[in-house]
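Chemist: Sharing a structure here in structure tokens format.
Please treat every number below as a calculation from the coordinates, not as lab data. Source: prediction; values computed, not measured. Glycine also receives a Cβ, built like all others from the backbone with ideal geometry; neighbour counts cover every protein chain displayed.
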């Protein structure tokens with residue numbers, strides 16, 4: 001089992017593929033390639049506009065800051081205005097985002113259809129982190145003060161812990177965290 005702590009302060013913002021905004025990559029597998037099986041990032045959305053198209057990719061968008069968006073996926077409107085509520089959609093369909101009340105920060109989970117499955121949950125309190133065999137689990141703290149029991153790992157806002165091939169332990173949050181479990185299809 002490998003466990004990594006991924007600090008928010010270490011993430012550099014980079015332009016979106018379509019140039020319409022900025023993203024801060026949290027983790028990707030395999031690392032550093034467009035041919036990823038899965039990818040997790042935080043995106044700053046400051047204006048209405050199109051999303052980048054990712055053929056063969058499914059996505060989960062969770063608004064973590066701001067009033068939300070009208071997400072138009074393939075011409076169908078989805079009002080995503082409930083904070084911390086994961087919303088799934090296909091990443092290869094034309095998608096536009098329209099801000100409902102100013103800028104937002106979105107947590108984006110992308111995973112390759114047919115190879116990887118991702119389950120995203122927002123939790124509060126105590127949760128046992130468990131990576132499935134051959135998979136991974138990533139926990140992202142949405143507030144300061146999450147801790148991984150039995151370790152000296154403390155997660156502040158937008159810090160994350162990633163574990164592959166095992167159970168890193170019990171996460172205790174002072175607020176909320178997002179837990180994403182990746183498994184092979």
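Chemist: Find the all-direction average of the projected area of the Cα convex hull for the chain, expressing the result in square nanometres with one decimal place. Intermediate values should be presented prior to the final figure.
Modeler: On the way: hull surface 38.5 nm².
Average projection, Cα convex hull of the chain: 9.6 nm².
Chemist: Say a paramagnetic label sat at a point 7 Å from the Cα of residue 126, along Cα to Cβ; which residues of the range 132-175 have their backbone N under 14 Å from it?
Modeler: Counting only backbone N, you get 147-150, 169-174.
Chemist: Would you mind telling me which residue in 128, 117, 39 has the biggest mean-square fluctuation in a Gaussian network model of the chain, where springs connect alpha carbons within a distance under 10 angstrom?
Modeler: Among 128, 117, 39, the largest mean-square fluctuation in the Gaussian network model of the chain belongs to 128.
Chemist: So for 38, 85, 16, fewest C-beta neighbours within 10 Å to most, what's the order? Walk me through the numbers on the way to the answer.
Modeler: On the way: 38 24, 85 12, 16 17.
Ascending Cβ contact count within 10 Å gives the list 85, 16, 38.
Chemist: Decide, for the range 91-176, between rounded, prolate and oblate: order the square roots of the alpha carbon gyration tensor eigenvalues as a ≥ b ≥ c, take rounded if a/c falls under 1.5, and otherwise choose prolate if a/b is larger than b/c, else oblate. List each step's numbers first, then the result.
Modeler: Details: a/c = 3.02, a/b = 1.28, b/c = 2.35.
It is oblate, given that a/c is not under 1.5 and a/b is not larger than b/c.
Chemist: Given the Cα-Cα distance of residue 14 and residue 119 and 0.36 nm per residue of separation, how much length would full extension add, in nm? Don't skip to the end; give the middle numbers.
Modeler: Working: separation 105, 0.36 × 105 = 37.80 nm, distance 2.55 nm.
Contour length minus Cα-Cα distance gives 35.2 nm.
Chemist: Take residue 185, project a point 7 Å from its Cα along the Cβ direction, then tell me which residues of the range 128-143 have their backbone nitrogen under 17 Å from it.
Modeler: Once the point is set 7 Å along Cα→Cβ of residue 185, 135-136 turn out to lie under 17 Å by backbone N, inside the range 128-143.
Chemist: Calculated FRET efficiency, residue 67 and residue 152, Cβ-Cβ r, R0 25 Å, to nearest 0.05? Write down the numbers at each step before the final one.
Modeler: Numbers: r = 37 Å, r/R0 = 1.48.
My answer for the efficiency is 0.10.
Chemist: Now for a separate question. Take the alpha carbon atoms of the range 159-178, find their center, do the same for the range 138-154, and report the distance between the two centers in whole angstrom.
Modeler: When both Cα centres are located, 6 Å separates them.
Chemist: Now a separate question. Evaluate Rg over Rh across the range 10-112, taking Cα atoms for both radii and Kirkwood's formula for Rh. List each step's numbers first, then the result.
Modeler: On the way: Rg = 12.6 Å, Rh = 13.6 Å.
Taking Rg over the Kirkwood Rh, I get 0.93.
Chemist: Extension gain residue 47-residue 2, at 0.36 nm per residue separation less the Cα-Cα distance, in nm? Show your work: numbers first, answer last.
Modeler: Values: separation 45, 0.36 × 45 = 16.20 nm, distance 3.83 nm.
Once the chain is fully extended between residue 47 and residue 2, it gains 12.4 nm.
Chemist: Arrange the following residues from fewest to most other Cβ atoms within 10 Å of their Cβ: 163, 52.
Modeler: Values: 163 21, 52 16.
Least crowded to most crowded, the residues run 52, 163.
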